[in-house]
Amino acid sequence: MNAMIRVEEALKNILDAVSPLGLEKVNILDALGRVIGEDVYAGRAIPPKDNSAMDGYALRTGDTLGASEETPAILEVVEDIPAGSIPEKRIGPGQAARIMTGAPVPEGADAVVRMEDSRKEDGRVAIFVGAKVGQDIRRAGEDVQPGEKVISRGEVIRPAEVGMLAALGRSFISVHQRPLIAVVATGDELVDLDETPSPWKIVSSNSYSLAALVLDCDAMPLQIGIAKDRREDLIAKFRAAMRADLIVSSGGVSVGDYDLVKEVMKKEGNRMQFWRVAMKPGRPLAFGALGEVPIVGLPGNPVSSMVSFEQFIRPAILKMMGHANLFRRTVRARLGEDINKKSGIRHFIRARICREEDGYAVVTTGDQGSGILKSMVRANGLIILSEEVTKVRAGGMVTVQLLDDSLDRMTEPGY
Ligand code: AMP
Ligand code: MG
């Protein structure tokens with residue numbers, strides 16, 4: 001009999017076996033969602049020059065003292081400065097330049113007065129307000145100073161960071177590589193989508209749900225296909241998987257199994273351990289390495305393999321991609337029904353969680369059998385009941401691990 005271990009212990013073993021992958025240079029748009037591997041310092045000021053925040057007139061504040069609509073300051077317009085052009089004239093006393101938003105402020109001027117506070121006259125302008133020094137001027141470097149650190153390594157690149165990198169003139173940056181994750185299904189009862197199904201065969205849905213989970217982590221699946229329960233085929237498929245950064249298999253690790261998968265893992269693999277994890281679903285789990293590539297053998301049942309992936313593989317993949325936050329968000333929610341369970345095992349119960357007036361409400365998605373994939377299809381979270389709990393009553397509060405971002409979006413704008 002294999003040892004029974006806690007979820008935390010299995011997780012720690014697996015996380016300890018993986019480390020962040022090396023860096024690669026990618027285009028800033030391809031960096032979206034990736035973890036940056038360098039500190040980014042500004043090589044230039046943003047904005048590069050003092051420029052106008054308004055369409056209006058660049059002028060000297062001293063010329064507008066006490067100006068009003070009744071007693072405007074009349075200034076000579078010496079130049080027109082559209083955005084993107086270089087001012088040619090210095091603004092002297094009694095002078096102004098017509099200036100557009102974003103255009104560099106000419107020398108001599110110390111403020112911009114917006115168009116609405118002026119009236120254009122022939123070759124001159126009437127200014128209706130007394131301007132303050134610096135008014136409507138965006139200062140050089142007010143956003144970013146040269147040499148300032150704007151992005152730190154380890155941060156996740158979002159659209160704002162992409163914009164900042166572009167503003168600094170950076171088209172490529174270093175990010176952690178995306179791992180290649182091999183997905184191997186095992187079982188004589190399995191067929192792939194392109195094979196003619198017979199009534200006693202089932203489609204290897206795990207090949208697809210697990211590959212989709214890999215994609216959902218922003219990693220790259222390597223579809224190895226189905227290994228028949230035969231030594232040579234298992235060995236061939238496992239060897240083909242060894243060019244990946246991590247191997248995930250499904251099936252053939254539970255107690256009652258035809259022992260070939262475990263036998264081949266033991267013989268071909270290194271440091272293989274076969275655990276009974278104190279969790280439901282997903283109790284059996286194999287872990288070791290093929291060569292130096294870590295391998296996790298997930299249980300075969302469609303729900304078990306997905307739930308185990310969520311608990312063990314997802315955090316490992318995120319760690320490989322350089323992320324600091326490896327785990328799905330959990331929230332506390334009000335339970336809508338009674339649940340009974342055995343003690344000693346942590347339960348991950350498929351559930352539907354939604355927003356309530358003040359907090360969240362959660363119900364189970366029905367039949368919790370580990371072969372009931374529909375319970376996952378309906379679920380957007382997993383109720384997590386700890387080992388010692390034996391019952392929770394309707395109305396009680398439970399912890400729910402969110403499986404997607406459905407709670408991040410709303411039917412109405414929140415303002
Ligand atoms: P096993 O752990 O190999 O005994 O598999 C347990 C059960 O999970 C099997 O009886 C299959 O019905 C199911 N199963 C195993 N592998 C897959 C797969 N790749 N896709 C869908 N179901 C599977
Ligand atoms: Mg099997």
Checking residue 345 against (1) open to solvent by less than 20 Å² (accessible area, probe 1.4 Å); (2) in contact (Cβ under 8 Å) with a residue 60 or more places away in the chain, which test does it fail? (1)
Among helices (runs of 4 or more DSSP H) entirely within region 199-287, at least 3 residues that are within 23 Å of residue 315 (Cα to Cα) occur in 205-216
What residue, among those in region 241-262 that are touching a Leu at 6+ places or on another chain (Cβ under 9 Å) and open to solvent by 50 Å² or more (accessible area, probe 1.4 Å), is farthest from residue 14 (Cα to Cα)? 243
Determine the pairs where a residue that is more than 12 Å from residue 301 (Cα to Cα) and more than 10 Å from ligand 2 (Cβ to nearest atom), located within region 250-270, has a partner that is in a helix (DSSP H, G or I) and not aromatic (Phe, Trp, Tyr) with Cβ atoms under 7 Å apart, the partner being 6 or more residues away or on another chain. 264/231; 264/234; 264/235; 268/235
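Among the listed residues 135, 145, which satisfies the condition of being at pLDDT 95 or above and closer than 30 Å to residue 325 by Cβ? Give the steps one after another, and end with the answer.
Details: 135 fails: closer than 30 Å to residue 325 by Cβ.
None of the others qualify; the one that does is 145.
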All but one of (1) touching an Asp or Glu at 6+ places or on another chain (Cβ under 8 Å); (2) over 19 Å from residue 376 (Cα atoms) hold for residue 246; state the number of the condition that does not hold. (1)
Given (1) open to solvent by less than 70 Å² (accessible area, probe 1.4 Å); (2) within 33 Å of the chain's Cα centre (by Cα); (3) not hydrophobic (A, V, I, L, M, F, W, C), residue 187 misses just (2)
Scan region 319-334 and tell me whether some residue there is β-branched (Val, Ile, Thr), modelled with pLDDT of 95 or more and farther than 30 Å from residue 188 by Cα. yes
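Yes or no, residue by residue, for (1) of a type outside the set (Gly, Ala, Ser); (2) outside the structural domain of residue 184 (by TED's automatic domain parsing); (3) modelled with pLDDT under 95:
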{"residue": "211", "(1), (2), (3)": "no, no, no"}
{"residue": "225", "(1), (2), (3)": "no, no, no"}
{"residue": "234", "(1), (2), (3)": "yes, no, no"}
{"residue": "237", "(1), (2), (3)": "yes, no, no"}
{"residue": "242", "(1), (2), (3)": "yes, no, no"}
{"residue": "249", "(1), (2), (3)": "no, no, no"}
{"residue": "257", "(1), (2), (3)": "yes, no, yes"}
Taking only region 335-352 into account, find how many residues are within 18 Å of residue 278 (Cβ to Cβ) and not polar (S, T, N, Q). 9
Could you check, for region 378-393, whether at least one of its residues is touching a residue at least 60 places away in the same chain (Cβ under 8 Å), of a type in the set (A, V, I, L, M, F, W, C) and surrounded by fewer than 21 Cβ atoms within 10 Å (Cβ to Cβ)? no
Only one of 253, 203 is touching a Phe, Trp or Tyr at 6+ places or on another chain (Cβ under 7 Å) and assigned by TED's automatic domain parsing to the domain that holds residue 14, namely 253
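The values are calculated or read from the model by the stated rules, or taken from the named source; none is laboratory data. Just so you know, these numbers come straight off a predicted model, no measurement behind them. Cβ sites come from the backbone with ideal geometry, for glycine too, and all protein chains shown count toward neighbours. In case anyone asks, the SASA skips ligands and DNA or RNA and just uses the protein heavy atoms, side chains included. Shrake-Rupley method; radii C 1.70, N 1.55, O 1.52, S 1.80 Å.
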